[in-house]
1. In the chain, what percentage of the DSSP-assigned beta bridges are antiparallel, given to the nearest 5?
2. Taking loop as defined by DSSP and a crowding limit of 12 other beta carbons within 10 Å, which GluC sites (Glu not before Pro) in the range 276-319 fit?
3. Which residue, chosen from Gly882, Ser817, Ala798, occupies the Cα position most advanced towards the positive end of the dipole of the range 770-892, where the dipole is computed from +1 (Lys, Arg) and -1 (Asp, Glu) charges on Cβ about the Cα centre?
4. Counting only residues 5 or more places away or on other chains, whose amide H sits under 5 Å from the amide H of Gly751 once H atoms are built in the peptide plane?
5. In the range 512-569, if the dipole is taken from +1 on Lys/Arg beta carbons and -1 on Asp/Glu beta carbons about the Cα centre, which of Met551, Asn516, Ile563 is farthest to the positive end?
6. Once you have a ≥ b ≥ c as the square roots of the Cα gyration tensor eigenvalues for the range 369-443, tell me rounded if a/c is under 1.5, and otherwise prolate or oblate according to whether a/b is larger than b/c.
7. So what's the gap between the Cα centers of the range 133-153 and the range 534-574, to the nearest angstrom?
8. Classify the range 517-601 as rounded, prolate or oblate from the Cα gyration tensor: take a ≥ b ≥ c as the square roots of its eigenvalues, call it rounded if a/c is under 1.5, otherwise prolate when a/b beats b/c and oblate if not.
Amino acid sequence: MQVEIGGADAHMQRQEIERDMKKYITLFLLLGALCGLRGQHLINNAAVRQQVQQDYLKRIDMLNARTEPLLRIFEEEITTEETEGLQFLLAYMPLSDLADYDGEFFLKQVRLSIAARDRFSWGKRIPEEIFRPYVLAYRVNNENLDNAREVFFQEIAPRVEKLSMYEAALEVNHWCHEKVTYRPSDTRTSSPLATVRTSTGRCGEESTLTVTALRAVGIPARQCYTPRWAHTDDNHAWVEVWIDGRWYFLGACEPDPELDMGWFAIPSTRTMMVHSNCFGKYAGSEETTHETDLFSRVNMLPNYTDTRKVTITVHDAAGRPVEGATVRFKLYNYAEYYPIASRKSDRNGEASITTGLGDLLIWATDGTRYGYRKIDVREATRLTVTLDREAGREYVEELTIVPPAERHDVVTATPERAAANARRLQYEDSLRNAYHATFKGAADAAGIRNDNLTPAQIGELLTKAEGNHAELVRLLERNAGKRDGLYLYEFLTSLSDKDLRDFDADIIQQHITTYNPQAYPLDVYLKGILPARISNEGIRAWRNPLRKNMMSELKGNLSWPTICLWISNNITLDDEGNYYNCPISPMGVYELRRADRNSRDIFAVACCRALDIPAYIDGASGQMYVWGNGEWHAVDVVDPTASEPESHATGTLTLSYDGDGEVTPTYWTHYTIAKYENGDFVTFDYENDPRVAKFPFSLTLDAGYYMLSTGNRYSDGTTRSRLEFFNLPAGKEVKKQLTILPLVKRDVTYGTIRTDYELSRNGKQVKVSELMKGKEMLVCFIDPTREPTKHLLNEIVALRGEFEAWGGSILFMVPTSRMAADFDFKAWNLPRQSVMIEDVNDRWFNEIITSTDQYFRDNYPVVYLIQPDGTIVFKSEGYNIGTGHLILNSAK
């Protein structure tokens with residue numbers, strides 16, 4: 001089918017864009033000639049300044065319809081410093097920011113950063129190469145952007161301007177703790193102001209908030225990530241601050257008495273990688289693990305633990321070095337091998353990184369052939385990998401992966417500083433709790449009228465909206481009257497809990513549609529038209545403007561093939577330019593005409609929905625589906641010649657499990673499924689997916705080559721890993737048995753406690769043996785204010801049924817020094833045999849540590865499984881995801 005896309009309108013639009021480009025390039029050249037006449041430089045190094053200006057000119061050449069919104073600010077009266085700051089930001093910012101924010105926003109960021117530098121005494125001591133990426137840069141991660149820098153500056157500046165730079169950094173973190181505490185959530189990162197509004201955030205949001213707050217008062221800061229822990233599942237983000245010539249670390253929204261302290265101080269000594277993204281061209285001395293023209297990824301692992309540089313040599317089957325091979329340094333975590341770094345081999349076939357003293361799986365590929373080997377960095381720093389494998393071979397691989405040992409040389413505070421800090425934390429908790437008390441809930445539903453919702457539904461939504469309740473009420477008032485075809489409850493519950501906590505009512509209103517039963521079945525509408533969210537993007541207004549523009553672009557020929565062809569002809573695929581992986585909005589893609597793969601696919605689905613064509617992206621596989629001819633079709637944007645959507649060749653994978661039944665394996669904890677693509681395996685995301693909720697289950701998957709990965713972890717972090725490689729032919733069913741390698745029973749104990757020790761419970765003395773009742777007992781010493789304890793509690797809640805079936809006593813001990821006013825033990829809904837007791841003045845814990853000759857340094861939670869005679873048969877300390885499963889594996 002031949003389709004004419006564009007035409008006279010598109011030609012006129014291109015002419016307008018070209019006129020804008022010529023206008024602003026001329027203006028830039030004029031500004032360059034006047035630079036020396038309008039004040040001091042922001043970039044004093046002439047070579048760096050020239051490089052930034054060259055990169056800026058190259059960047060603005062690709063702005064398309066974004067030219068005028070981004071560059072009109074140069075028509076204002078701006079200084080030389082402001083001009084150079086803007087050029088720096090525009091030269092290196094990710095595509096999402098070029099597409100979705102205007103020049104006025106970036107000019108404000110430049111002016112605020114310069115104002116902070118000039119106001120505080122430390123500003124003049126910050127070198128330019130530190131100031132630009134770590135103060136001037138407005139973005140921290142993949143968060144939505146807002147005017148947090150301005151708001152935070154106004155609140156924090158009076159509190160820090162008379163402090164030293166060191167004390168100011170500590171004070172900023174106390175301010176952040178007043179506003180926000182830890183709570184796990186999905187991977188989309190809320191804006192800093194949205195995080196403050198809801199007063200909770202996961203570690204990535206807490207660290208984004210804290211970096212933004214530090215930069216707001218001119219203190220250089222960067223977000224640090226261990227992309228995956230080596231000794232346990234999950235990852236973690238924290239903050240580094242630059243103070244008078246060196247970098248210190250701190251726990252975001254978790255103030256300690258000193259810098260270089262945090263609950264992760266000991267776990268971070270067991271990591272294999274800690275890195276941070278640096279905006280622009282990196283000028284520091286630290287190793288980089290990835291570099292582009294726009295940013296670098298900096299390896300900060302030597303700041304935390306012992307390291308070695310490992311060099312991998314890639315050979316082909318004939319033993320010759322392979323140049324340009326992709327070498328991935330993989331770490332076992334979440335039942336997959338996750339790349340903590342990726343490099344290209346040089347002409348000698350070599351690729352190197354600096355990493356920790358543990359095991360890695362080295363994966364190398366030329367895109368067709370692949371090879372892999374395990375390296376133990378404690379024993380070797382060089383390894384050769386041969387590309388001698390191809391897709392199709394079926395076999396099983398078993399590996400034992402050992403993480404680094406921990407180090408104990410951590411910073412401590414004086415007792416006086418620690419006590420003062422504890423008092424402040426309690427006060428700050430009270431401020432946050434007072435704010436929490438203003439949130440609306442089910443009891444407030446009676447005051448809101450909406451004929452499309454029941455009072456119970458309104459109460460549910462109000463409770464979930466938390467600090468964003470005013471926006472929810474505004475939306476409900478706009479849609480209070482009964483309307484046929486308005487599925488308001490289904491629409492609002494299609495949003496994530498985080499969406500409800502940070503949405504804008506004006507934007508969400510533009511996504512409200514009504515169902516036409518003549519067009520398609522109701523379930524198709526609810527899946528492929530109704531939701532405002534498509535994938536992991538921030539929700540922006542696109543339905544109406546995209547419909548108007550695409551109707552014009554497609555000349556009324558509204559179908560998936562014409563959309564696909566238009567995208568192929570007009571949208572440039574750029575997987576390097578959007579390096580923070582913040583999805584570009586559909587309208588941003590339309591105007592910029594450039595996108596990464598994820599943003600392009602979101603745009604394709606948005607086009608369909610805007611044109612009343614049901615479409616969605618499968619959350620597990622990333623596959624797009626479009627409704628047509630009475631069924632869902634798997635489709636691909638890269639095939640613009642297809643006249644109709646065609647189903648992909650698929651097969652059926654049936655997975656069963658015949659284990660001992662004590663713990664049902666869960667996706668990401670015990671197993672994952674991955675498909676081979678371009679020389680490596682890409683893991684599907686079936687987390688909390690009902691399709692894999694119960695064994696046996698069957699999945700319809702594209703025909704191809706697959707890997708089933710399982711793992712079982714000891715309490716010390718060592719993992720027994722199993723990889724099964726198999727083919728899934730088109731039209732066939734393949735049955736697989738999930739095999740989890742058993743842990744070899746280790747005859748290890750950790751000392752003995754006194755079961756006649758007396759604890760104070762409800763004003764009475766009770767012996768430990770009385771609490772045990774002749775059975776095993778789980779004892780957890782916890783710090784309810786810290787993230788690791790919250791992870792442990794969440795895990796035990798998730799395994800409540802299993803723990804109740806086990807039947808042993810569960811005792812949660814909170815040391816006096818860790819008691820928190822906002823910790824509501826009953827609200828956690830823990831197993832029914834759970835009891836909480838205050839460990840008065842930490843006496844029992846100190847006795848256990850002393851009598852069993854254990855080392856402890858503020859690394860909560862500490863978990864013991866104790867037999868009736870007092871023998872400790874299981875111990876876990878600090879941050880360990882999966883502790884709940886490990887306890888049950890060790891229990892009798």
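The values are calculated or read from the model by the stated rules, or taken from the named source; none is laboratory data. Keep in mind the model is a prediction, meaning the values are calculated, not measured. Methodologically, a virtual Cβ is constructed for each residue, glycine included, from the backbone with ideal geometry; neighbour enumeration extends over all protein chains shown. Ligands, DNA and RNA are stripped out before the accessible areas are found, and what is left, the full protein with its side chains, is counted by its heavy atoms. Shrake-Rupley method; radii C 1.70, N 1.55, O 1.52, S 1.80 Å.
1. On the way: 104 of 130 bridges.
Here the antiparallel bridges make up roughly 80 percent for the chain.
2. Details: sites: Glu286, Glu287, Glu291; in loops: Glu286, Glu287.
Hits after loop and neighbour filter: nothing returned.
3. Of Gly882, Ser817, Ala798, it is Ala798.
4. Ile872
5. Of the options given, the answer is Met551.
6. Values: a/c = 5.57, a/b = 1.97, b/c = 2.83.
Because a/c hits 1.5 or more and a/b fails to exceed b/c, the range 369-443 counts as oblate.
7. Using only Cα atoms to place each centre, the spacing works out to 30 Å.
8. Values: a/c = 2.06, a/b = 1.33, b/c = 1.54.
Verdict is oblate for the range 517-601.
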